[in-house]
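For reference, the structure is listed below as structure tokens.
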Amino acid sequence: MHPQIVFTALRRIAAVVVLAMLFAAPAATTTAGAAVGSGPDRPGPARTYHQLVLGFPAVINDLNDAAVVVGESGGHAFSWRATTRQKVDLGTLGGPTSIAYGINDRGQIVGTSDVGTVRHAFRWDPADHRMTDLGTLGGSYSTAYAVNNRGLVVGESETADGRMHAFSWDPRTARMSDLGTLGGDSSTATAVNDSGQIVGNARTGDFLTHAFRWDPRSRQMRDLGVLPGSVVSFATGINNRGEVVGYTNDVGDFTDRAFRWDPRSGQMQTIAGLPDVYSHATGINDLGRIAGYWDDQSGRTTAFVWSPSHQAVTELPQTGGTSSGYTTTSAINNRSWVAGQESSAALWIPST
């Protein structure tokens, strides 16, 4: 995500014109309707989504509120600004490949890059356009998955004894801290909000993987549990209200189910309106809107945005229509833009 910029009047006009071109460009569209599946039969928000294809081979992993997306293209981490269609190769830490996984509103980008024969987490800063090697927890490998607006980075790293543990990296100390586990031998941090609350998944003492939320006040992981009938869970996103999303599974079968965890009730729940099939929630914004996708088990997936105010699901358009096949989402920003993949890297942009 990136720094605040004072635009001149001309640059404001130019930005508006470019955005208008984005919305007017030929693309697949859909308008939100009633909730699908078994959820409440209430109308969704009147919203039309346009699909914008990036136009080059890439995988998108995140986007910020300024519509800058990050991911991997041609073996290198990259960023791409939707308003200018400008692509930036972020380079590497000296090795041949790199991948970007997260970006904040200040434009700081995190991911992992080859360093000789190993991979290390990095943070790329727009001030100097350079990657910083964040090191490890004592082992040879690390990957950064997310960064908040204060520059706090989270991910996973090998420890000195060869285990994989979730970490946080503090920009004030430039040090990596081990977040521990839920009693097992491994953990991974996948997302962080601006309060420093961190989510991910960790092994329990029973050797099962559960979603967790780590709190900076207690400096402890909280086991978020699983949905009824599931035995493992994975957290994929958290917003600034502390709401968590992810999915659960009954190990080894086709029972993935998207969940939303409410900090007020401390309960994990299914997402109203989603079909009772294989589903993943991949991100949540500060309005509580959730992006994800479900699979109808015929090989076709459907990307969606869920609205908390209407308890309704909007299916996102596909360029190939209902026959286009595998579609996934990776992130949603506070403007409710959604990043993901269909046949190629794409953005779904609401007309509102």
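The figures follow:
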{"read-out": "Positions within region 87-109 being in a loop (DSSP other than H, G, I, E, B) and in contact (Cβ under 8 Å) with a residue 60 or more places away in the chain, in sequence order", "value": "ASN104, ASP105, ARG106, GLY107, GLN108"}
{"read-out": "Scan of region 319-343 for residues that are in contact with a strand residue (DSSP E or B) (Cβ under 7 Å, 6 or more places away or on another chain) and modelled with pLDDT under 90, ordered by number", "value": "THR319, TYR326"}
{"read-out": "Residue in region 98-111 that is open to solvent by less than 40 Å² (accessible area, probe 1.4 Å) and closer than 17 Å to ARG219 by Cα present", "value": "no"}
{"read-out": "Residue check, ARG213 of a type in the set (Lys, Arg) and open to solvent by 60 Å² or more (accessible area, probe 1.4 Å)", "value": "no"}
{"read-out": "Verdict on GLY116 being within 21 Å of GLY151 (Cβ to Cβ) and over 21 Å from the mean Cα position of the chain (by Cα)", "value": "no"}
{"read-out": "Residues of region 272-296 satisfying the condition of being of a type in the set (Asp, Glu) and open to solvent by 30 Å² or more (accessible area, probe 1.4 Å)", "value": "ASP276, ASP286, ASP296"}
{"read-out": "Of the criteria (1) assigned to a strand (DSSP E or B); (2) open to solvent by 10 Å² or more (accessible area, probe 1.4 Å); (3) more than 24 Å from VAL199 (Cβ to Cβ), which one SER343 fails", "value": "(1)"}
{"read-out": "Single unsatisfied condition, TRP261 versus (1) open to solvent by less than 60 Å² (accessible area, probe 1.4 Å); (2) assigned to a strand (DSSP E or B); (3) in contact with a Phe, Trp or Tyr (Cβ under 8 Å, 6 or more places away or on another chain)", "value": "(3)"}
{"read-out": "Residue in region 161-177 that is within 14 Å of VAL244 (Cβ to Cβ) and charged (D, E, K, R) present", "value": "no"}
{"read-out": "Extreme residue, most open to solvent (accessible area, probe 1.4 Å), among residues of region 125-171 that are aromatic (Phe, Trp, Tyr) and within 23 Å of SER195 (Cβ to Cβ)", "value": "TYR145"}
{"read-out": "Single match in GLY71, GLY95 (criterion: within 21 Å of the chain's Cα centre (by Cα), open to solvent by less than 50 Å² (accessible area, probe 1.4 Å) and at pLDDT 95 or above)", "value": "GLY71"}
{"read-out": "Among (1) assigned to a loop (DSSP other than H, G, I, E, B); (2) open to solvent by 50 Å² or more (accessible area, probe 1.4 Å); (3) under 23 Å from THR301 (Cβ atoms), the one test that GLN269 misses", "value": "(1)"}
{"read-out": "Residue that is surrounded by the most Cβ atoms within 10 Å (Cβ to Cβ) [pool: residues in region 238-258 that are small (Gly, Ala, Ser) and under 20 Å from LEU208 (Cα atoms)]", "value": "GLY246"}
{"read-out": "Residue in region 187-204 that is of a type in the set (A, V, I, L, M) and open to solvent by 30 Å² or more (accessible area, probe 1.4 Å) present", "value": "no"}
{"read-out": "Residue among ASP125, ASP206, ASP170 that is under 17 Å from GLY94 (Cα atoms) and free of Cβ contacts under 8 Å to residues at least 24 places away in the same chain", "value": "ASP125"}
{"read-out": "Qualifying positions in region 131-145 - within 18 Å of ARG172 (Cα to Cα) and part of a strand (DSSP E or B)", "value": "MET131, THR132, ASP133, LEU137, ALA144"}
{"read-out": "Cβ-Cβ under 6 Å pairs, at least 6 apart or on other chains, region 265-284 side at negative phi and free of Cβ contacts under 8 Å to residues at least 60 places away in the same chain, far side open to solvent by 30 Å² or more (accessible area, probe 1.4 Å) and in a loop (DSSP other than H, G, I, E, B)", "value": "VAL277/ASP296; TYR278/PHE254"}
{"read-out": "Failed criterion for PRO228 (all others in (1) over 22 Å from the mean Cα position of the chain (by Cα); (2) surrounded by 14 or more Cβ atoms within 10 Å (Cβ to Cβ) hold)", "value": "(2)"}
{"read-out": "Failed item, numbered, when GLY55 is tested on (1) under 30 Å from ALA312 (Cβ atoms); (2) assigned to a loop (DSSP other than H, G, I, E, B); (3) not β-branched (Val, Ile, Thr)", "value": "(1)"}
{"read-out": "Qualifying residue in region 223-231 (condition: in a strand (DSSP E or B) and in contact with an Asp or Glu (Cβ under 9 Å, 6 or more places away or on another chain))", "value": "no"}
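The values are calculated or read from the model by the stated rules, or taken from the named source; none is laboratory data. What you are looking at is a predicted structure, and each value in this text was computed from that prediction instead of being measured. Every residue, glycine as well, gets a Cβ built from its backbone with ideal geometry; the counts of neighbours run over all protein chains shown. The area values use the complete protein model at the heavy-atom level, side chains included, leaving out ligands, DNA and RNA. Shrake-Rupley method; radii C 1.70, N 1.55, O 1.52, S 1.80 Å.
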